[in-house]
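Enquirer: Structure in structure tokens, see below.
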């Protein structure tokens, strides 16, 4: 049914104001296949017993041991795979020598200009050598010395890993001149040191999070089927003054960082610097006056594909590129590099760069580790909540996007766009921490929100270790999309990513994937399968009632206006040519290689007028913001977002009938 012009205008105004439909619930408690267990123990209680035994052996209060482990790993074993910070097992014992092989920082991969502005081409910069591992990146060695167990056993055996973590905590307590056992609150200093933080604020932040958890309690089933509980202990009063005994320095420029008070942040600026004689030769970001001149609509989640220390060296190079924040995996410590008001070069799309804040998370999509620490998730979520409130950014997947959701600007650069943070970033848990879990919004409502049960949902991926080789099974936030409702049907194609080939199961190939939190227009159902519109085609994913991978949703969709066989889509929302003043080159509105055929529907995320930030020289006096009248809708086209002109489509309620 057609909506009236006035009604459509009202909806468009709502979208322009950033009002988006509520998305979708936190996944159920994860359950998975059991890992190696001692025969004498009940599989349902062995992890809990391991904590109890280790606490008794080393004189560590059990709540402290459980709290430290939860903040490190959520008590998971992760099948012996290392975290992105080279940590193994429930206690995150680190072994950087084994886990962190040579890696390339992702902005230097050679396939993308992170600035993403064809008005000022700038190729990817050179990469420095990786920074050497720190002492905190090699705790497994000391745990081996203290327990007498081989380092390999501490990394691979969850029970041994718990013992190793308890031994380290006990050693830290002794070195602070404090007795074993006793009140849990007297272990605050040891917990702060366990973080491996090199600064006082970061160590204290980690310990505060642990004791907040100890006071409130927790319960979950781990990735290998172990039921673990931490009973609430609100009476515990942590001795926060103990952190002074560690002798850690204050973070550099902490007061200059734009962070909530609850977070440990430091200011490590990305240098805005002239690099040569041409006025276009400068780095590594652009000055602006956001949000006064440019509204901030997006927060972009990245992973670094490098260690934290290497990443800091990169962003401090004026000839490299930039992002606003980097978050360390081991303890959730945050460094800020670019002011919110300025435009960092991080997303590979100048339009998105000019309207976003970029956050890099220490990590590797697949090669060296596939899980992110709870400490990093929590710090990141706290930062995003702060940013979203400050700049009125809706907490949904139309505005909180991954680097892998950023569209290419022109057909020729779609294939080279980045794919981080990848299928192992737990978007469901992340949005729980953002206090916006993905929930059904009624229905059937014409939309579905992807929502996998991360721990139990373990689809096939290849290429983590070697091309064509299956990756170890692991929880994932993504579902595979097929051309027909069958597992053996071909994957749908992404003509932009692989113009001459089929989509693959490679962990770096997201051409046939939909990810938790993304909303798509429902196109059909058949048995355990659900169909959506995706990249101009019908795409099927497995969605059985007993283990669903999506929930019903309502909202708004766009569909081509009657009479148009197909409409174009765009990677940026630029103004009409008439809007450009003299002296500012007109930016061509170039469609991507995808089209939307008559009768197809796509979820509408937001509405925006065309906008372009002209900033091509070191002299800020030449910078201009160009605003047009041309209205666009952002849509969930495929794995990446895209834009369509409002004049080309009808905006409809998702449950409404077509024409």
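Enquirer: Please enumerate the residues belonging to the range 473-490 that are in a loop (DSSP other than H, G, I, E, B) and crowded, with 24+ Cβ neighbours inside 10 Å.
Expert: 475, 476, 477, 481
Enquirer: Looking at (1) buried (at least 23 other Cβ atoms within 10 Å of the Cβ); (2) in contact with a strand residue (DSSP E or B) (Cβ under 6 Å, 6 or more places away or on another chain), find the lone condition where residue 417 falls short.
Expert: (2)
Enquirer: Can I ask one more? Does residue 451 satisfy the condition of being modelled with pLDDT of 95 or more, surrounded by 21 or more Cβ atoms within 10 Å (Cβ to Cβ) and assigned by TED's automatic domain parsing to the domain that holds residue 537?
Expert: When the stated conditions are applied, residue 451 passes them.
Enquirer: Among the candidates 207, 218, 203, 190, single out the residue that is at pLDDT below 95 and closer than 29 Å to residue 334 by Cβ.
Expert: Testing whether each residue is at pLDDT below 95 and closer than 29 Å to residue 334 by Cβ leaves just 203.
Enquirer: Have a look at 166, 119, 143 and point out the one that is modelled with pLDDT of 95 or more, over 28 Å from the mean Cα position of the chain (by Cα) and over 28 Å from residue 234 (Cα atoms).
Expert: One residue alone meets the criteria, 143.
Enquirer: Please tell me if residue 221 is surrounded by fewer than 24 Cβ atoms within 10 Å (Cβ to Cβ), closer than 19 Å to residue 51 by Cβ and assigned by TED's automatic domain parsing to the domain that holds residue 51.
Expert: For residue 221, the condition - surrounded by fewer than 24 Cβ atoms within 10 Å (Cβ to Cβ), closer than 19 Å to residue 51 by Cβ and assigned by TED's automatic domain parsing to the domain that holds residue 51 - is met.
Enquirer: Ok, one more. Looking at the range 553-566 only, could you name the residues that are in contact (Cβ under 8 Å) with a residue 60 or more places away in the chain and surrounded by fewer than 18 Cβ atoms within 10 Å (Cβ to Cβ)?
Expert: Selection gives 561, 562, 564.
Enquirer: Which condition number does residue 258 fail, the rest of (1) in contact with a helix residue (DSSP H, G or I) (Cβ under 7 Å, 6 or more places away or on another chain); (2) not assigned by TED's automatic domain parsing to the domain that holds residue 75 being met?
Expert: Result: residue 258 passes all but (1).
Enquirer: Something else: Somewhere in the range 500-507, is a residue touching a helix residue (DSSP H, G or I) at 6+ places or on another chain (Cβ under 9 Å) and either more than 25 Å from residue 371 (Cβ to Cβ) or surrounded by 21 or more Cβ atoms within 10 Å (Cβ to Cβ) (or both)?
Expert: The answer is no, given that none of the residues of the range 500-507 is touching a helix residue (DSSP H, G or I) at 6+ places or on another chain (Cβ under 9 Å) and either more than 25 Å from residue 371 (Cβ to Cβ) or surrounded by 21 or more Cβ atoms within 10 Å (Cβ to Cβ) (or both).
Enquirer: What are the residues in the range 571-588 that are assigned to a loop (DSSP other than H, G, I, E, B) and surrounded by fewer than 19 Cβ atoms within 10 Å (Cβ to Cβ), if any?
Expert: Of everything in the range 571-588, those that are assigned to a loop (DSSP other than H, G, I, E, B) and surrounded by fewer than 19 Cβ atoms within 10 Å (Cβ to Cβ) turn out to be 576, 580, 581, 582, 583, 584, 585, 586, 588.
Enquirer: Taking only pairs six or more apart or across chains, which ones have beta-carbon atoms under 6 Å, a first residue in the range 186-213 that is closer than 19 Å to residue 90 by Cβ, and a second residue that is in a loop (DSSP other than H, G, I, E, B) and at pLDDT below 95?
Expert: Matching pairs, first to second residue: 195/331; 196/330; 206/195; 206/331.
Enquirer: To continue, here is another question. Checking residue 358 against (1) within 30 Å of residue 66 (Cβ to Cβ); (2) crowded, with 22+ Cβ neighbours inside 10 Å; (3) free of Cβ contacts under 8 Å to residues at least 60 places away in the same chain, which single condition isn't satisfied?
Expert: (1)
Enquirer: If you go through the range 510-528 one residue at a time, how many are buried (at least 21 other Cβ atoms within 10 Å of the Cβ) and either farther than 28 Å from residue 651 by Cβ or touching a strand residue (DSSP E or B) at 6+ places or on another chain (Cβ under 6 Å) (or both)?
Expert: The total comes to 11.
Enquirer: Would you say residue 382 is under 16 Å from the mean Cα position of the chain (by Cα), surrounded by fewer than 24 Cβ atoms within 10 Å (Cβ to Cβ) and not in a loop (DSSP other than H, G, I, E, B)?
Expert: Criteria met by residue 382.
Enquirer: Right, here's the next one. Of (1) surrounded by 17 or more Cβ atoms within 10 Å (Cβ to Cβ); (2) out of contact with any helix residue (DSSP H, G or I) (no Cβ under 7 Å at 6 or more places or on another chain), residue 299 satisfies all except one. Which?
Expert: (2)
Enquirer: Also: Which of the residues belonging to the range 314-354 are surrounded by fewer than 24 Cβ atoms within 10 Å (Cβ to Cβ) and out of contact with any helix residue (DSSP H, G or I) (no Cβ under 9 Å at 6 or more places or on another chain)?
Expert: Correct list: 316, 317, 318, 319, 339, 341, 342.
Enquirer: Could you count how many residues in the range 265-282 are under 26 Å from the mean Cα position of the chain (by Cα) and either surrounded by fewer than 21 Cβ atoms within 10 Å (Cβ to Cβ) or not in a loop (DSSP other than H, G, I, E, B) (or both)?
Expert: Qualifying residue count, the range 265-282: 6.
Enquirer: Select from the range 304-349 the residues that are in a helix (DSSP H, G or I) and within 17 Å of the chain's Cα centre (by Cα) and write down the one among them that is farthest from residue 205 (Cα to Cα).
Expert: Top of the filtered list is 311.
Enquirer: Quick one: in the range 85-111, of everything that is crowded, with 24+ Cβ neighbours inside 10 Å, under 22 Å from the mean Cα position of the chain (by Cα) and in a loop (DSSP other than H, G, I, E, B), which residue is modelled with the lowest pLDDT?
Expert: 85
The values are calculated or read from the model by the stated rules, or taken from the named source; none is laboratory data. Quick caveat: nothing in here was measured; it's all calculated off a predicted structure. Glycine gets a Cβ as well: all are built from the backbone with ideal geometry, and neighbour counts include every protein chain shown.
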